[in-house]
1. Compute the distance in nm between two label points, each set 7 Å from the Cα along the Cα-to-Cβ direction, one at LYS181 and one at ARG58.
2. Are any of the pairs LYS71/LYS192; LYS97/LYS192; LYS106/LYS163; LYS97/LYS189; LYS145/LYS175 more than 32 Å apart by Cα-Cα distance, and if so, which?
3. From the phi of every residue in region 179-192, what ³J(HN,Hα) in whole Hz does the Karplus formula 6.51 cos²θ - 1.76 cosθ + 1.60 yield, where θ is phi - 60° and glycine or proline is x?
4. Quick one: putting +1 on the C-beta of Lys and Arg, -1 on the C-beta of Asp and Glu, what dipole do you get for region 116-171 around its Cα centre, in Debye to the nearest 20?
5. For region 130-160 and region 41-67, what is the centre-to-centre distance using only Cα atoms, to the nearest Å?
6. Give the peptides 72-78, 90-96 in descending order of average Cβ contacts within 10 Å, highest first.
7. Long-range amide H contacts for ALA74: which residues qualify at under 5 Å (H placed 1.01 Å from N, peptide plane, sequence gap of 5 or more or a different chain)?
8. Less than 18 Å apart at the alpha-carbon level, and either on another chain or at least 8 residues along: which aspartates and glutamates does that give for LYS94?
Amino acid sequence: MKNSLRTVLLVGGAFVLSATSLRAADDKKKDGNVVELDTLKSKTPADWTQETTTNQMRAYQFKLPNAKDDKASAELIIFYFGQGGGGSAADNIKRWKGMMAPPDGKKIDDVAKVDKFKVGEVPVTYLDVEGTYLAKERPFDPNSKVEKKPDYRMLGVIFESPKGPYFIRVTGPAKTIAEQKQAFDEWLKNFK
């Protein structure tokens, strides 16, 4: 009887410890990830999944959950080319606009909005543009194959911190970006 009781207690205790460990892991996942740009930090929403960066110019890479009817999720990439690298805000806004084709009968500036503001003391340039995303296999190769993705939206941010700039770009189906925009804006404005 004592051995049976001891076995039940050991198994029960292991189950409680296991359940506690799983709950702690779930809680950690729910917390989001801290992104650091220079010495400024902001925690991502919990439903953004951090991914391994696919090249050395990417400081961070995240997958944002798709909207109910969208087949594709959104991708958030933070590029860093070294202090002072990557070109001016105007050059990047122009390049990002060139990655989108406007709907028939419209010009890119009809479907693009550019704002400038500060996050703390950091100047930010923010592009919001919709259309057909012209996704290149190799972005800087003029001969690269282009996949056209209609009804997409891009949020592009130049974050001009002292050791920056950092280039933050979110692309995905327009409905998914619409659902994620408020969380993205709050995350951006929370850098401290």
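Read-outs: derived from the displayed coordinates by stated rules, not from any lab. Bear in mind the structure is a predicted one, so any value in this text is a computation, not a measurement. Please note: Cβ atoms are built from the backbone with ideal geometry, for glycine as well, and neighbour counts cover all protein chains shown.
1. 2.5 nm
2. LYS71/LYS192; LYS106/LYS163
3. 5, 8, 4, 4, 5, 4, 4, 5, 4, 4, 6, 8, 5, 9
4. Working: 10 positive and 8 negative charges, 19 e Å.
Roughly 80 debye, rounded to the nearest 20.
5. Region 130-160 and region 41-67 have Cα centres separated by 18 Å.
6. 72-78, 90-96
7. LEU64, ASN66
8. In chain and number order, the partners are ASP109, ASP110, ASP115, ASP128, GLU130, ASP141, GLU160.
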